[in-house]
Amino acid sequence: MNVALEAPLTDLSSSPAARAALQELLPPLTEHEALTESARCLMCFDAPCTHACPTHIDIPKFIKKISTGNLRGSARTILESNLLGATCARVCPVQELCEGACVLGSEHKPIAIGRLQRHAMDHVYGKKLAIFHVAKSTGKKVAVVGAGPAGLSCAGELAKLGHAITLYERRDLAGGLSTYGIIVLREPVEVALAEVAMVQRLGVRLETAREVGEDPTVTELQKNFDAVFISVGLGNTPQLGIPGEEYILDGLQYIEGSKHRPSQLRVGHNVIVIGAGNTAIDCATIARRLGADCVTMLYRRSENEMTAYPHEYDFVKREGVTFLFLTQPVKVHHENGVVKSLECVRIVLGEPDASGRPSPQPIPGSTLLLPADQIIKAIGQNKPSLASRLKLKSEKGFIQVNADFQTSAPGIFAGGDCIRARGSASTVMAVQDGKLAARSIHQRLVNHG
Ligand SMILES: Cc1cc2nc3c(=O)[nH]c(=O)nc-3n(C[C@H](O)[C@H](O)[C@H](O)COP(=O)(O)OP(=O)(O)OC[C@H]3O[C@@H](n4cnc5c(N)ncnc54)[C@H](O)[C@@H]3O)c2cc1C
Ligand code: SF4
């Protein structure tokens, strides 16, 4: 008998040490470290890092201001391009973006742009400094639907221009996945909520626990507002469609539990995470850090098709998580609802399917039984349901927009994950969508009255 498997799941309420393991991973830079790091920057003309940042923050300029002790000015430079600079400083895949483009990266260490950005932003939020003045009222009203990074960015930018903004959010807290989905290791909830408060201080009226489509309806919004911006993100985790799926935990809910209800989160000893994207990696990290003896990530394709960032993949391997590729779950075995194992089949990759990736083909007679006392699925998110309910034109289930973020319905704009039909989604891209959509909406309101 495997004693570990027979033992009850770990109760975190009795484990403050386990909870401490989930605190923000990187410490803030000290004043001295920030000065030393900023002094290393070559202040490139036409800097590649600025081009590589999706919001095109003037990076040499904000770093220069740090080097002269002007932290408020530095934060202003960041916020002028990216209203969610504190979140992005923590969650951006900097290796793939700004730091990946740093000219010092080829021979030395790239400048720690993300951590310097965090240094400047922490200064402003720590001291509760106001940065922007709001333009005088235009008399125009805009409704923003969904208070994640795209919605907050759009709402804040429009408020700065003098428009009256109502931001509707169906959850009790605003911030979207920054508040509910990104693990505390990377971003504490308080950082996301401080940014929400900053957007509210710009004059945005936030209405939480209001689900657009139910109360209010979109028709009501169209009647009462001059423009609408939809930034509803994506939906729940899709179904696997296998017997016993009801005993599999939802990865997004698992992460949310670790952020908002850690004392109620129960962690297995032998955990299987289905999926190999960044959400799956986050679930595996939580389980491992909270005491799981063995965490295995299961993916039906190979290492080459994984959607997780390479640095995240390396990180989770260092955490002690193991991988089982070319393996597909087919049935959960349980006794009276207590998970015992996951039945799987081995896979061989065939011709590309509709997603353009090699299609997984089960190998006959290759069944295997993997012992587990907790199974979590993190296999992506469903497409935004509001798009079909509104009969907006869509592309692969995502809302279709033109270059101005205008949907097929006049006066309705959209941005963020809900329009990301191609490429991988990220917070900084959602922030950029919100900013650019705000400019288009502003043009429309100013030019068309
Ligand atoms: C687990 C996880 C980890 C991630 N980690 C990272 C990371 O480390 N780095 C990174 O860059 N990106 C990461 N991402 C991606 C990033 O979080 C998203 O790209 C980003 O949050 C998208 O912003 P958004 O505003 O489009 O959508 P969301 O953040 O999903 O916000 C949408 C908001 O709309 C609300 N809403 C939905 N429907 C309605 C309605 N009908 N009425 C009112 N409100 C509604 C939702 O409640 C939500 O608050 C991660 C994603 C996940 C799932
Ligand atoms: S917003 Fe992200 S990509 Fe842009 S400079 Fe900051 S950390 Fe880098």
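The values are calculated or read from the model by the stated rules, or taken from the named source; none is laboratory data. Here the structure is a predicted model, which means the values were calculated and not measured. Note that each Cβ is placed from the backbone with ideal geometry, even for glycine, and that neighbours are counted across all protein chains shown. Areas reflect the complete protein model, heavy atoms only, side chains present, ligands, DNA and RNA absent. Shrake-Rupley method; radii C 1.70, N 1.55, O 1.52, S 1.80 Å.
Working from Cα positions, state the angle (0 to 90°, nearest 10) between the long axis of helix 149-160 and the longest principal axis of the chain.
In the chain, helix 149-160 runs at an angle near 10 degrees to the longest axis.
Round to the nearest 10 and give me the degree value, 0 to 90, for the angle of helix 278-289's Cα axis relative to the longest principal axis of the chain.
60
Given a 1.4 Å probe, how much area per residue of the range 372-449 is accessible, in Å²?
44
Which pairs break 25 Å Cα to Cα here: LYS317/LYS396; LYS259/LYS377; LYS65/LYS259; LYS259/LYS340; LYS128/LYS435; LYS61/LYS160?
Among LYS317/LYS396; LYS259/LYS377; LYS65/LYS259; LYS259/LYS340; LYS128/LYS435; LYS61/LYS160, the Cα-Cα distance tops 25 Å for LYS317/LYS396; LYS65/LYS259; LYS259/LYS340.
Could you look at the range 147-193 and say what percent of its accessible area is carbon and sulfur, using a 1.4 Å probe and all protein chains?
C and S atoms contribute 58 percent here.
Over all directions, the average projected area of the alpha-carbon convex hull for the range 297-449 comes to how many nm²?
Average projection, Cα convex hull of the range 297-449: 12.8 nm².
Roughly how many Å² is the accessible area per residue of the range 43-96, as a whole number, for a 1.4 Å probe?
Value returned for the range 43-96: 39 Å² of accessible area per residue.
Could you work out how far helix 251-260 tilts from the main Cα principal axis of the chain, as a 0 to 90 degree angle to the nearest 10?
Taking Cα atoms only, the helix is inclined about 60 degrees.
Based on the Cα coordinates of the range 24-162, what is the per residue volume of their convex hull in Å³?
Dividing the Cα hull volume of the range 24-162 by its residue count gives 125 Å³.
Just the Cα atoms of the chain: what Rg and Dmax do they give in Å?
23.0, 74
Excluding same-chain residues fewer than 8 positions from LYS109, which aspartates and glutamates have a Cα within less than 15 Å of its Cα?
The qualifying aspartates and glutamates are GLU33, GLU37, GLU96, GLU99.
If you add up the charges near LYS65, with Lys and Arg at +1 and Asp and Glu at -1, over every other residue whose beta carbon is less than 13 angstrom from its beta carbon, what do you get?
With Lys, Arg at +1 and Asp, Glu at -1, the neighbours total +2.
Which one of THR327, ALA292, LEU129 has its Cα pushed farthest toward the positive end of the charge dipole of the chain, where Lys and Arg give +1 and Asp and Glu give -1 at the Cβ?
LEU129
Using DSSP, restrict attention to beta bridges with both residues in the chain and report what percent are antiparallel, rounded to the nearest 5.
40
Taking only DSSP H segments of four or more residues, each worth -39500 (n - 2.57), what value at 222 nm results for the chain once the sum is divided by all its residues, to the nearest 500 deg cm²/dmol?
So the calculated ellipticity at 222 nm is -10000 deg cm²/dmol.
I'd like the carbon and sulfur percentage of the solvent accessible area for the range 95-134, probe radius 1.4 Å, heavy atoms only, ligands and nucleic acids excluded.
After summing per-atom areas, the C and S share lands at 53 percent.
Identify all aspartates and glutamates with a Cα-Cα distance to LYS141 below 14 Å; exclude those on the same chain that are fewer than 8 residues away in sequence.
GLU157, GLU220, ASP226
Any idea what diffusion coefficient the range 244-352 gets from Stokes-Einstein, in µm²/s, Kirkwood Rh on alpha carbon pairs, 37 °C, 0.692 mPa s?
The calculation lands on 226 µm²/s.
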